[in-house]
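What follows is a short report on a single structure.
The values are calculated or read from the model by the stated rules, or taken from the named source; none is laboratory data. Model, not experiment: these values are computed from the prediction. When we count neighbours, we look across all protein chains shown, and the Cβ atoms used for this are built from the backbone with ideal geometry, even at glycine. Heavy atoms of the whole protein, side chains included, go into the accessibility calculation; ligands, DNA and RNA do not. Shrake-Rupley method; radii C 1.70, N 1.55, O 1.52, S 1.80 Å.
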Amino acid sequence: MEPLLALLAGFGGARLAGAAGINALDGWQPALRVGVATMFLLTTFAHFYPQLRADLVAMVPPALPKPGLLVTLTGILELAGAIGVLIPATAPVAAACLLTLMIAMFPANVSAARRKVAQGDPIGRRTALQMIFIAAAALIIP
C-alpha cells in the first residue's frame, strides 16, 4: 500500500506545484512522472534497507537462482527508471522499461502470495495494485 501512497502523494504534490506556477509540472503527465518516480524511489529504498530487503528476497520464487542478486539488480533498475522518468527526453523509454520490469517481476508477487511470504497481501490486492502501477507507467509513454 505504501507504493500507492507514494505514487498519489508525488502526483498530488507535483500537481500543486504546477498550479502554484512551476511550469515544468503544469500538467497531469509531468506530475504523473513525479508520482511514478516517487513510488520507485520508495521501492528502490526497500531493495537495500536490510529489514525490507529480507522481505523482497523472500518474495523471489524458489526456482530462481541468487535471489539476493536479483533483488539488487531490480533495485538498480528501479532507481535508473525513477531517474529516467523525471527527464522529459528519456521519460518514455524509462517508463516503458519500468512497465516491462513490473510485468517481469509480477510472478514474484504471485509466488509470494501463494507462499504467504513478505507482506502477505492476497493475490487480488497485489494484482490490483500492480495494474495501477503499470497503468501509471503506460500513461507516461506518449
- Query: Do we have any residue at all in the range 50-63 that's under 12 Å from the mean Cα position of the chain (by Cα) and among the aliphatic types (A, V, I, L, M)?
  - Reply: no
- Item | Which numbered condition Asp121 misses (of (1) out of contact with any Asp or Glu (no Cβ under 9 Å at 6 or more places or on another chain); (2) open to solvent by less than 80 Å² (accessible area, probe 1.4 Å); (3) at pLDDT 95 or above) | (3)
- Within the range 100-118, restricting attention to residues that are on the phi < 0 side of the Ramachandran plot and among the basic types (Lys, Arg), which residue is least open to solvent (accessible area, probe 1.4 Å)? Arg115
- Pairs only if they're at least six apart or on different chains, beta carbon under 9 angstrom, first in the range 65-90 and more than 22 Å from Leu7 (Cβ to Cβ), second assigned to a helix (DSSP H, G or I) and among the aromatic types (Phe, Trp, Tyr); list them, first residue then second. Thr72/Phe48
- Query: With (1) under 24 Å from Arg33 (Cα atoms); (2) in contact with a helix residue (DSSP H, G or I) (Cβ under 6 Å, 6 or more places away or on another chain); (3) open to solvent by 40 Å² or more (accessible area, probe 1.4 Å) as the list, and Val57 as the residue in question, which single condition is left unmet?
  - Reply: (1)
- Conditions (1) more than 16 Å from Ala137 (Cα to Cα); (2) among the acidic types (Asp, Glu); (3) in contact with a Phe, Trp or Tyr (Cβ under 8 Å, 6 or more places away or on another chain): number failed by Glu2: (3)
